[in-house]
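Read the structure below first, then the notes.
The values are calculated or read from the model by the stated rules, or taken from the named source; none is laboratory data. Only a predicted model underlies this, so the values are computations on that prediction, with no experimental measurement involved. As a convention, Cβ positions derive from the backbone with ideal geometry for all residues, glycine included, and neighbour counts pool all protein chains shown.
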Amino acid sequence: MTTHVEDLKLRLVTVELLKTAKRHYTYRQLSEKTKLPVTVLSRYVKGHVLPNSERARELWEALSKLISLENEIRERIRFNNEGYFDNTSIIGDINILRQTANYALARFAGKRITKVLTAAVDGIPLATMIANSLGVNLVIAKSSKEVGVKSFLEETYVVNSSGFTMTLYIPKDSINRRDSVLVVDDIIKSGDTQAAMINLIYKAKAELSGVFAMVAVGEAWKEKLKVPKNCPVEILLKFEPPEKKQKSKG
């Protein structure tokens with residue numbers, strides 16, 4: 001069951017998306033796409049009334065097809081010959097991060113989430129926005145131990161079968177057995193980093209509530225994630241890997 005706060009947030013972000021759509025479409029066009037009367041849409045846009053939770057979900061699905069966040073991100077991504085791409089214009093764009101956070105909120109509405117976990121550094125901006133949207137705290141897994149923290153949970157893994165190892169650390173008391181944790185990252189390529197974060201959650205004896213990424217490259221990463229069958233994995237945009245063999249950062 002969704003809480004009252006979660007329900008209200010979903011209804012509010014749906015109206016925000018409707019207002020964005022109104023900048024590009026007339027009420028008549030929106031009515032045709034959403035199957036809702038012009039008068040109803042107008043009342044939502046003007047703030048006279050909010051859609052109920054069921055209608056908000058239906059309206060979100062319809063509007064998401066009109067206001068394509070996927071296309072906006074796709075147009076900004078260009079792979080080089082070695083399979084890398086520059087994500088600076090994505091992780092630094094507050095508007096894209098806000099829309100992506102709203103997308104995540106809509107997808108995980110009704111799911112119990114008490115913490116968001118990400119890995120330093122590129123995943124932090126998105127994870128911060130999503131944690132704020134969900135109204136929960138953020139935990140950052142880092143590649144070094146912080147002075148002043150008494151004890152850590154740690155997970156060491158091989159980076160993309162390269163022979164090089166990486167270790168992620170989180171403060172031991174940052175996640176506990178009562179937590180239900182959403183793993184968030186900007187990009188999934190090999191799946192190694194995300195799998196390490198999931199293992200940290202299991203080491204804390206907490207529950208994995210889901211995995212969310214803005215971009216995923218290929219399908220190989222799916223084999224790395226130890227995700228229960230009922231645990232959602234949501235990807236905003238999927239890319240096929242470039243023809244040339246690519247090196248992976250995560």
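Determine whether Ser31 is of a type in the set (S, T, N, Q), at pLDDT 95 or above, surrounded by 16 or more Cβ atoms within 10 Å (Cβ to Cβ) and not in a strand (DSSP E or B).
Yes, satisfied.
Would you point out the residue of region 188-205, among those that are hydrophobic (A, V, I, L, M, F, W, C) and touching a helix residue (DSSP H, G or I) at 6+ places or on another chain (Cβ under 9 Å), that is surrounded by the most Cβ atoms within 10 Å (Cβ to Cβ)?
Within region 188-205, the match that is surrounded by the most Cβ atoms within 10 Å (Cβ to Cβ) is Ile188.
If a residue counts only when it is out of contact with any helix residue (DSSP H, G or I) (no Cβ under 7 Å at 6 or more places or on another chain) and at pLDDT 90 or above, which strands (runs of 3 or more DSSP E) contained entirely in region 80-181 have at least 2 such residues?
Per the criteria, 152-158, 165-171.
With (1) farther than 22 Å from Ser180 by Cα; (2) surrounded by fewer than 16 Cβ atoms within 10 Å (Cβ to Cβ) as the list, and Ile77 as the residue in question, which single condition is left unmet?
(2)
So, in region 42-79, of the ones that are among the polar types (S, T, N, Q), closer than 17 Å to Lys19 by Cβ and not in a loop (DSSP other than H, G, I, E, B), which residue ends up nearest to the chain's Cα centre (by Cα)?
Ser64
What number goes with the only condition from (1) in contact with a Pro (Cβ under 9 Å, 6 or more places away or on another chain); (2) within 30 Å of Leu12 (Cα to Cα) that Phe152 does not pass?
Result: Phe152 passes all but (2).
I want to confirm something. Restricting to region 80-109 and keeping residues that are polar (S, T, N, Q) and closer than 22 Å to Ala62 by Cα, which single residue is surrounded by the most Cβ atoms within 10 Å (Cβ to Cβ)?
The selected residue is Thr100.
Return only the number of the condition from (1) closer than 19 Å to Ala104 by Cβ; (2) part of a loop (DSSP other than H, G, I, E, B) that Ala213 does not satisfy.
(2)
Taking the residues in region 45-79 that are β-branched (Val, Ile, Thr) and under 27 Å from Ala216 (Cβ atoms) as candidates, determine which candidate is modelled with the highest pLDDT.
Ranking the candidates gives Ile73 first.
Here is a yes/no grid of residues against (1) small (Gly, Ala, Ser); (2) within 30 Å of Leu69 (Cα to Cα):
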site	(1), (2)
Ser151	yes, no
Thr156	no, no
Asp185	no, yes
Tyr202	no, no
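Test Lys19 against the criterion of being in a helix (DSSP H, G or I), in contact with a Leu (Cβ under 8 Å, 6 or more places away or on another chain), basic (Lys, Arg) and closer than 23 Å to Met129 by Cβ, and give yes or no.
Considered against the rule, which asks whether it is in a helix (DSSP H, G or I), in contact with a Leu (Cβ under 8 Å, 6 or more places away or on another chain), basic (Lys, Arg) and closer than 23 Å to Met129 by Cβ, Lys19 comes out as no.
Kindly list, by first and then second residue, each pair from a residue in region 95-112 that is on the phi > 0 side of the Ramachandran plot to a residue that is in a loop (DSSP other than H, G, I, E, B), limited to pairs with Cβ atoms under 6 Å and residues at least 6 apart or on different chains.
Gly110/Thr2
If you go through region 18-25 one residue at a time, do you hit one that is touching a strand residue (DSSP E or B) at 6+ places or on another chain (Cβ under 8 Å) and of a type in the set (Val, Ile, Thr)?
Among the residues of region 18-25, not one is touching a strand residue (DSSP E or B) at 6+ places or on another chain (Cβ under 8 Å) and of a type in the set (Val, Ile, Thr), which makes the answer no.
Give me the pairs: first residue in region 51-77 and under 17 Å from Leu30 (Cβ atoms), second residue of a type in the set (Asp, Glu), beta-carbon distance under 9 Å, and six or more apart or on different chains, which are they?
Every condition considered, the pairs that remain are Pro51/Glu58; Ala56/Asp7; Ser64/Glu70.
Report every pair of residues separated by at least 6 positions or lying on different chains whose Cβ atoms are under 7 Å apart, first residue within region 23-46 and in the same structural domain as Leu12 (by TED's automatic domain parsing) and closer than 23 Å to Leu8 by Cβ, second among the β-branched types (Val, Ile, Thr) and exposed (fewer than 14 other Cβ atoms within 10 Å of the Cβ).
Arg43/Val49
Against the definition (more than 14 Å from Ile201 (Cβ to Cβ) and surrounded by fewer than 18 Cβ atoms within 10 Å (Cβ to Cβ)), how does Gly148 come out, yes or no?
Judged against the criteria, Gly148 is a match.
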